[in-house]
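All remarks here apply to the structure that follows.
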Amino acid sequence: MAHMIPAGAGARRQRMQPGERRAQILDAARGQFSERSYTTVSTAEIAAAAGVGRSLVHHYFGGAREVFAAVVADGGAALADVRTAGPETPLDERLARNVAAGLDVVAANRETWLAVAGHGTALADPGIRELVLAAREHTVERMLTANRDVVRDTPVARALLRCYTTFSAEATRAWLAGEQTRATTEALLVTACRDLLLHTIPALERAAPAG
């Protein structure tokens, strides 16, 4: 904590743009949320971790729930949007690049990922649950767009890609917990995604009843 600016005149001299201050608070909050449920974290704890006054947390977000909601939204968008390789890239290379890029984001923002994915979709708060589900849907949309040369946007494809996001989250959790190596995790996710796109989705679409 040696880097924290003491309260008082020194703290007041540190001027930040609103976006920078918001990011500072979110960075501090991620550590709190990765360790325990957001319902047990107070705005006072978030403020102390960020080295700011509690009033600033309320000013930018409201309460701890709203801070957690911002963490969920930011984390989900960052993880989906980093997977930029699309149909212009050969499929095997594309999947490898996108999986690696996603894991790079997780590695660089471990606390963010744990704060979001650690709670999954089994959240009592319907508003937070909706944000988690929206982040999942953003990932599904990104996968459909990136792989539009090999998969169509159908109800079957969307359902199975949602399943893949849950599978991917568990594989990533195992890697972060030291249960699997990153290399094994990458190979697992790439192989599973390739099989899903080229074999499983088409097979289940053929088996689906017409109409």
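Things worth noting here:
- Against the test of being at negative phi, surrounded by fewer than 16 Cβ atoms within 10 Å (Cβ to Cβ) and not hydroxyl-bearing (Ser, Thr, Tyr), the options 32, 17 yield a single qualifying residue, 17.
- When restricted to residues that are among the charged types (D, E, K, R) and closer than 23 Å to residue 109 by Cβ, segment 57-93 contains 5.
- Options 127, 120, 178; residue that is outside any loop (DSSP other than H, G, I, E, B), assigned by TED's automatic domain parsing to the domain that holds residue 93, at pLDDT below 95 and small (Gly, Ala, Ser): 127
- Residues in segment 130-144 that are under 16 Å from residue 81 (Cα atoms), more than 12 Å from the chain's Cα centre (by Cα), modelled with pLDDT under 95 and surrounded by fewer than 18 Cβ atoms within 10 Å (Cβ to Cβ): 1 in all.
- For segment 1-23, the candidate set comprises residues that are outside any loop (DSSP other than H, G, I, E, B) and at pLDDT 75 or above; within that set, the residue that is nearest to residue 62 (Cα to Cα) is 22.
- Residue pairs whose Cβ atoms lie under 6 Å apart, sitting 6 or more positions apart in sequence or on different chains, and linking a residue in segment 41-69 that is under 20 Å from residue 20 (Cβ atoms) to a partner that is among the charged types (D, E, K, R), are 43/54; 47/54; 60/22.
- Test: residue in segment 93-116 that is in contact with a helix residue (DSSP H, G or I) (Cβ under 9 Å, 6 or more places away or on another chain), loosely packed, with under 15 Cβ neighbours inside 10 Å and outside any helix (DSSP H, G or I): no
- Number of residues in segment 24-40 that are without any contact (Cβ under 8 Å) to a residue 40 or more places away in the chain and part of a loop (DSSP other than H, G, I, E, B): the value is 1.
The values are calculated or read from the model by the stated rules, or taken from the named source; none is laboratory data. Small disclaimer: the values here were computed from a predicted structure and weren't measured. Glycine gets a Cβ as well: all are built from the backbone with ideal geometry, and neighbour counts include every protein chain shown.
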